[in-house]
Amino acid sequence: MLRSTLARTRFALALASAMPAMCALAEGQIQHYSVAPGSLVTVLNRFAEQSGVFIAGHNDLAADKRSFGLSGDYTPQQALQILLKDSGLQAMRQAGGGYVLRRSANADPLQLDATTINGKSLGAITEDTHAYTTGVSASATGLALSLRETPQSVTVITRQQIDDQGANGIADVLRRSPGISVQNYDSERWEFSSRGAPITNFQYDGVNTDYDGVYDYGTTSTDMATFDRVEIIKGATGLMTGSGDPSATVNLIRKRPTQAFKAALSGSVGSWDNYRSEADISGALNSNLRARFVGVHQERSAHADHYQNTKDIAYAIVEADLSPDTLLTFGFDQQNTRSRGASWTGFPMFYSDGSRTNFSRSFNPATDWSRRDFSNQTLFASVARQLQNDWTLKLSYDRKHREHDTLLGSASGGNPDPVTGDGMFLYMGKFKGDEVQDNVDLNLGGPFSLFGREHQMIVGFMSMNTRQNNPLYGSVYPPLDGSIFDWHGEFAKPDIPKIGTDDISQRQTGAYVSTRFKASDDLALILGGRVSDFTASDHLDYSDPATADVRDGYRQTGVVTPYAGAVYDLNATYSLYTSYTRVYQPQLSKDAARQVLDPVQGDSYEAGIKAEYFDGRVNASFAVFRIEQDNVAEQVSGFDTQAVYRAVQGATTKGFELELAGEVADGWNLSAGYAYNHTRDANGDPVYASILQTTAPEQLVRLFSSYHLPGVWQNLTLGGGISWQSEFFGNVFQPGADQNVRITQDSYYLVDAMARYRFNEHLSTTLNVKNLFDKTYYTGLGNFGTGFYGEPRSLQLAARWDF
């Protein structure tokens with residue numbers, strides 16, 4: 001508040017000092033301006049000093065907004081239009097001279113992602129705020145609350161942070177996010193973990209998505225060009241997701257159309273022939289219709305030999321004001337990803353004599369024809385109706401059609417002779433998948449009065465129906481003729497016949513209610529619950545009549561997920577909070593008797609303190625948590641449909657997290673976090689992931705910062721980050737010992753750097769260097785007994801033209 005008050009005071013004094021010169025320029029007179037980007041108050045102050053133009057109006061309208069500034073020759077009116085771009089404000093010419101600052105007449109269409117909430121300067125939408133935090137999130141409880149008002153840990157990766165980090169994919173974003181660790185299955189698939197458990201809940205605009213950790217369907221390679229931000233809700237989120245692991249929910253929020261016209265073209269070139277082009281166009285088609293289009297084409301190789309990847313993305317969204325109280329949204333997105341030289345697992349960790357291998361980071365076990373191709377298409381629509389007394393009724397529909405076409409060959413099997421390199425074989429398999437998912441969400445929410453206080457409530461119903469129709473081809477394991485040391489990816493493509501079909505269907509429905517009661521001026525109680533039904537079936541039908549078909553499935557009805565939280569305001573800056581929710585996750589994993597394991601069940605507890613500085617432009621939190629689970633699946637042997645799992649009982653995770661994000665000083669953005677978790681079963685043993693056969697690192701440090709330089713260097717922004725994690729280890733079979741042994745990846749840190757230079761209001765360039773010191777480390781252990789290297793140092797140079 002002090003910084004905001006001083007800023008408004010300086011703005012008012014500057015305007016007063018400019019009054020004698022208010023008529024110095026005629027309306028049409030052109031003058032050269034050089035106004036650096038910064039807070040809108042500061043920018044308007046500098047404009048007033050350079051132009052001698054007086055700007056009247058409410059100073060609060062400009063407080064805590066930002067502007068790109070400008071450089072060039074303009075009339076005062078042209079200059080003000082540029083300075084106020086996307087601020088929701090306009091400067092009105094006055095008859096006696098000068099301008100008055102007012103809200104734009106088109107700044108308030110019905111927007112459920114409001115640009116302001118509870119009087120704060122930051123809202124849900126992060127684009128063009130230049131911020132590393134947001135003012136409001138509904139991902140945890142369904143209620144639009146500030147991060148301080150939400151009784152769970154919430155990490156928000158804003159559009160500005162995504163751009164500063166040069167993060168083109170979801171894996172790039174999450175590997176640098178506080179509290180998140182990332183490990184590779186192979187070249188195309190990643191496992192994300194939080195609080196010691198894999199993340200299996202992914203949402204798009206709050207809509208649940210079925211996630212298959214084995215076939216993936218391209219979820220972990222999602223491109224970030226179409227998204228405004230990523231909201232990560234730590235811990236169990238059963239209130240809004242129904243089922244799920246108590247790790248985190250990753251909610252990707254799409255970009256929205258803008259009232260003002262804006263467009264950008266960008267291109268980048270990077271290490272290993274990485275070329276990318278992107279277009280983003282948005283604006284009003286008429287007074288009631290707004291639209292946006294995003295297109296991307298990318299071609300790249302990799303540090304691994306004979307690898308190629310191509311990506312094409314198209315995204316379109318339209319918003320229509322059917323009436324002053326009714327907003328219709330509909331859109332479409334398509335992402336096609338094609339890879340060649342795609343590996344299936346990594347490289348062997350041991351030679352045949354039991355000694356460790358030493359493959360180079362460029363070694364690729366994949367054949368040159370090995371592929372994983374994904375096609376993801378989404379149609380989405382919603383109608384939101386503003387009712388009386390600020391209540392809103394919203395109906396959303398989302399339809400996803402996802403396909404994968406996979407033919408894999410990877411010389412990853414066996415343990416080679418340390419001298420000759422002989423003794424390896426290939427994992428080869430053909431897999432296809434066709435999945436259709438329909439999601440419906442109907443909710444009604446708004447404020448209500450009770451006992452003389454105003455409270456909030458949302459009630460809703462969700463339905464998710466997923467169907468897969470997959471031909472079944474199976475796998476073959478031919479020996480590698482020759483030495484693995486002479487491997488260049490050349491091997492005959494196999495003819496793998498179809499052996500059956502696999503039909504999978506899953507359905508989840510749930511009715512939920514979430515309320516925020518203001519018990520007093522300082523105490524808010526968030527109470528809610530969800531009642532869910534789960535059904536699933538997996539029918540394996542083999543073409544060979546001698547092979548018995550398999551019928552698996554589960555059905556659970558009336559599953560209750562309670563949610564309770566409390567937030568107590570100590571003062572205007574700090575709040576204490578606590579929350580509790582149940583954990584419930586059905587599963588199709590089987591034990592040695594080929595019986596489906598019981599659902600994972602447990603409890604999740606969290607408590608902590610949150611702070612909000614500089615009118616919400618900086619958010620900080622400290623959280624302690626405890627998670628108790630039974631029936632957690634841990635792989636014992638085998639792989640694919642024949643894998644054997646055991647149900648781990650009494651798995652307990654406890655730990656704490658620290659996080660700070662926002663603009664800590666004028667032009668200085670910071671995102672920093674430390675997380676510690678300790679997971680053990682009832683016997684005190686580590687709990688391994690079900691696929692990678694690794695533990696998650698117990699300690700994580702994530703830090704990224706950028707600083708917009710002042711003065712003569714005002715066009716330059718410098719930034720960088722550090723990612724550190726403690727050791728993790730995996731179970732890998734060792735010849736000679738004839739058993740799985742523990743391999744440890746020691747703690748390591750990675751350093752990133754960035755620099756951006758803005759030549760004018762149109763052209764800017766950004767250089768990103770990742771893994772600056774070229775650290776060598778494993779980012780995957782134990783998948784089929786193999787290892788996988790993390791990416792070496794890479795450079796990316798991007799140029800952007802804003803219209």
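A short reminder: the numbers here are calculations on the coordinates, not readings from a lab. Quantities reported herein were computed from a predicted structural model and do not represent experimental measurements. No Cβ is skipped: glycine too gets one built from the backbone with ideal geometry, and neighbour counts run over all protein chains shown.
Once every DSSP H run of n ≥ 4 in the chain is given -39500 (n - 2.57) and the sum is divided by its residues, what mean residue ellipticity at 222 nm do you get, rounded to the nearest 500 deg cm²/dmol?
Result for the chain: -2000 deg cm²/dmol, rounded to the nearest 500.
Near T581, within a Cβ-to-Cβ distance under 10 Å, what is the net charge of the other residues, with Lys and Arg +1 and Asp and Glu -1?
0
Explain nothing, just the number: relative contact order of the chain, from Cα pairs under 8 Å at least 6 residues apart, as a whole percent.
10
In whole angstrom, how far apart do the alpha carbon centroids of region 341-379 and region 441-476 sit?
After rounding, the separation between the Cα centres reads 38 Å.
How much length is gained on full extension from D533 to S726, taking 0.36 nm per residue of separation minus their Cα-Cα distance?
Gain on stretching D533 to S726: 65.5 nm.
By count of other Cβ within 10 Å, fewest leading, how are F729, F261, F374 ordered?
Ascending Cβ contact count within 10 Å gives the list F261, F729, F374.
Each label point is 7 Å from the Cα along the Cα-to-Cβ direction; what then is the distance between the points at L289 and F451, in nm?
5.1
Using the number of other C-beta atoms within 10 angstrom as an exposure proxy, rank D163, D481 with the fewest first.
Ranked by crowding around the Cβ, least crowded first: D481, D163.
Counting other C-beta atoms within 10 Å, which of K518, K430 has the fewest, and how do the rest follow?
K518, K430
What distance in nm separates the two pseudo spin-label positions at K493 and A665, each 7 Å out from Cα along the beta-carbon direction?
Modelled inter-label distance: 5.9 nm.
Fully extended, how many nm does the chain gain between S505 and A753 (0.36 nm per residue separation, minus their Cα-Cα distance)?
Net length gain for the segment: 84.7 nm.
Note the angle between two axes, namely the Cα long axis of helix 40-51 and the longest principal axis of the Cα atoms of the chain, as a number of degrees from 0 to 90, rounded to the nearest 10.
With both axes taken from Cα atoms, the answer is about 40 degrees.
Rounded to the nearest 0.05, what FRET efficiency do S637 and T547 give with R0 = 22 Å and r taken as the Cβ-Cβ distance? Could you check?
So, using R0 = 22 Å, E works out to roughly 0.60.
Measure off 7 Å from each Cα along the Cα-to-Cβ vector at N358 and F622, then give the distance between these two points in nanometres to one decimal.
4.7
At a Förster radius of 45 Å, what calculated FRET efficiency corresponds to the Cβ-Cβ distance of Q50 and L379, to the nearest 0.05?
After rounding, the FRET efficiency stands at 0.35.
Starting from the Cα of K610, draw a straight line to each of the lysines and keep only those under 23 Å, dropping any in the same chain fewer than 8 residues away.
By straight Cα distance, K610 reaches K120, K234, K518, K654.
Determine, from the Cβ-Cβ distance of Y275 and W801 and an R0 of 25 Å, the FRET efficiency 1/(1 + (r/R0)^6), rounded to the nearest 0.05.
0.90
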